[in-house]
Amino acid sequence: MTLKITARAGNPLDVQDEPVVVAVFSLVPTKTGALPEPLRSIDKTLDGRLAKLIAKEEFTGKREQSLAMQSPTATMNGKLTIVGLGDAKQLKVGDLRAITAKIARAAQNEKATSLTLVLPDDLRDRLRTIGEGLELGAYRFTRYLTGDRKPKSSLEKVTLVFAGKFTAASKEELELGQRIGTAINTTRDLGNEPPNEITPRALTQAAQTVAKANGLKAELFDYKEIVKRGMKLVQAVGQGSENKPSFAHLTYTPGKKAKKTVVFVGKGITFDSGGLSIKPAPGMGDMKSDMSGAGNLVGLMAAVAALKPNVEVHAILVCAENMPDGGAYRPGDIWGSLDGKTVEIVNTDAEGRLLLADALAYARELKPDLLVDNATLTGACVVALGTTCSAFYATNDESAKLFAGAVRDSGEQMWRMPLLEDLKEGIKSDVADVKQAGDRWGGSITAALFLREFIGDTKNWVHVDIAGPAFLEKPNGWSPRGASGHGILTFLSLIESMEN
Ligand code: BES
Ligand code: MN
Ligand code: ZN
């Protein structure tokens, strides 16, 4: 946790050198025109100047409408901002997380080191979301900035002001939210780190570090072990790089005997050049984020350790670098797999599904109640759903319903896509059991159909294509530019919904 968050009651403007943000629900007009608390008291302190400004700016408390006054009192040196939350009943979890994140981000951008945030008492049972939002909003990736470019200060302290009592339970919820936010920020760091630093080995080691810090089990397989175990498709993808593949298996086991087991698999391509089917130069650097599926699992496991659900959770990170080289795999190659099926390679840029195929074949041996993979898998998915929504596929409607419920609870955006059986035609091969990829049309679907070939007799499988939202060109909601950690919150909600 990077923020020290405390709570107090009392006069909101009782501060000196820090900004004060007052978040209010939509103002309901009254006959007398009186403002609701805490605006009424603040207005009194300001000799009616706030009421005048509210009237002049036609501030109604609509969501994200805001109003600001610089140094409003003799003692208060910072800015006073009133922010609208909109209608109380319509404030969804994602809205609240995005608003609190934006408040933290704005304070940070104004170089404030501390902030007072006044919230309606109704939000006292939503402190987990508030904790998440503040930590996520305060996130910046500044590791490689030096001299003048290095920020001199950062937001360190937030004081929440509530009218009512702040209990020990409130504090616990807030801290849980902060720990979840911090876990997501760890994933963001991994996605923003350059590919010369985050190699396959470095990524699995980061997972191991998180496991150790949180008392989770971690097993790491190096390249030799990967080859020995027969993960031939991982070998194919990774053999053309100096930075050889690496594999990690993390396990969270609850204190009480768990009824359910869920296994997550993540694609960890630390750099996707396309291999011999090389990608065009523009935007190639963004492919440092092609490890976001595996990166998500690092943050997810840290969050799981904080949440301590009564569900057994496994995270399988399959990591490699996709490079062109004398040792690289080629279009035309035929490779075996951990499953046993043979695969005809047609495009070395469709590498993610190959890694996942072996990882799914490994994961299914854990006999999970639900098997979930997540990957920045296809450009076609980004064309279909844009950059703020992931696609998910499910083998049956029950799994889809369970997963869609988790999506809703998390406030993230994901949309179900169909496993169209007629598109299987596209991955039929003349020379091997399956062809690695079909043609352009329905490219996200054929990728999912290819993966399905490797789940064995697993009944409940969900595949999530996070290619769009994993790495953002511009800030969205609680996510800044760059790596977002999109997916972690859904997976966490999913785990919670599987408890008992
Ligand atoms: N990592 C890419 C997919 C991707 C594209 C992720 C854009 C994020 C943003 C993946 O390995 C890839 O290159 N897929 C190809 C598959 C094709 C060759 C069948 C694609 O989508 O073009
Ligand atoms: Mn690729
Ligand atoms: Zn890729």
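The values are calculated or read from the model by the stated rules, or taken from the named source; none is laboratory data. Keep in mind it's a predicted model, so treat the numbers as computed, not measured. Note: ideal-geometry Cβ built from the backbone for every residue, glycine included; neighbour counts use all protein chains shown. To get the accessible areas, we keep the full protein, side chains included, count just its heavy atoms, and leave off ligands, DNA and RNA. Shrake-Rupley method; radii C 1.70, N 1.55, O 1.52, S 1.80 Å.
Things worth noting here:
- Scanning region 208-255 for residues that are part of a helix (DSSP H, G or I) and closer than 28 Å to Gly327 by Cα yields a total of 13.
- Matching option when the condition is free of Cβ contacts under 8 Å to residues at least 12 places away in the same chain and assigned by TED's automatic domain parsing to the domain that holds Glu344, among Asp397, Asp409, Asp373, Asp439: Asp397
- Matching option when the condition is within 14 Å of ligand 1 (Cβ to nearest atom), farther than 17 Å from Ala361 by Cα and crowded, with 20+ Cβ neighbours inside 10 Å, among Ile198, Ile278, Ile269: Ile269
- Search result, residues across region 325-382 that are of a type in the set (Val, Ile, Thr), in a loop (DSSP other than H, G, I, E, B) and touching an Asp or Glu at 6+ places or on another chain (Cβ under 9 Å): Thr342, Ile345, Thr348, Thr376, Thr378
- Scan region 246-281 for residues that are modelled with pLDDT of 95 or more, out of contact with any Lys or Arg (no Cβ under 9 Å at 6 or more places or on another chain) and closer than 24 Å to Thr458 by Cβ and the total you get is 8.
- Given (1) touching a strand residue (DSSP E or B) at 6+ places or on another chain (Cβ under 8 Å); (2) within 16 Å of ligand 1 (Cβ to nearest atom); (3) more than 17 Å from Ile495 (Cβ to Cβ), index of the condition Pro418 fails: (2)
- Of all residues in region 381-392, those satisfying the criterion of being open to solvent by 40 Å² or more (accessible area, probe 1.4 Å) and out of contact with any strand residue (DSSP E or B) (no Cβ under 8 Å at 6 or more places or on another chain) are Val382, Val383.
- Screening Pro245, Pro280 for residues that are out of contact with any His (no Cβ under 9 Å at 6 or more places or on another chain) and more than 13 Å from ligand 2 (Cβ to nearest atom) leaves exactly one candidate, Pro245.
- Members of region 1-35 that are in contact with a Lys or Arg (Cβ under 6 Å, 6 or more places away or on another chain) and open to solvent by less than 100 Å² (accessible area, probe 1.4 Å): Pro19
- A count restricted to region 154-178 and to residues that are outside any strand (DSSP E or B) and in contact with a Gly (Cβ under 8 Å, 6 or more places away or on another chain) stands at 6.
- Residue match in region 370-377 (condition: open to solvent by 10 Å² or more (accessible area, probe 1.4 Å) and closer than 23 Å to Ile455 by Cα): yes
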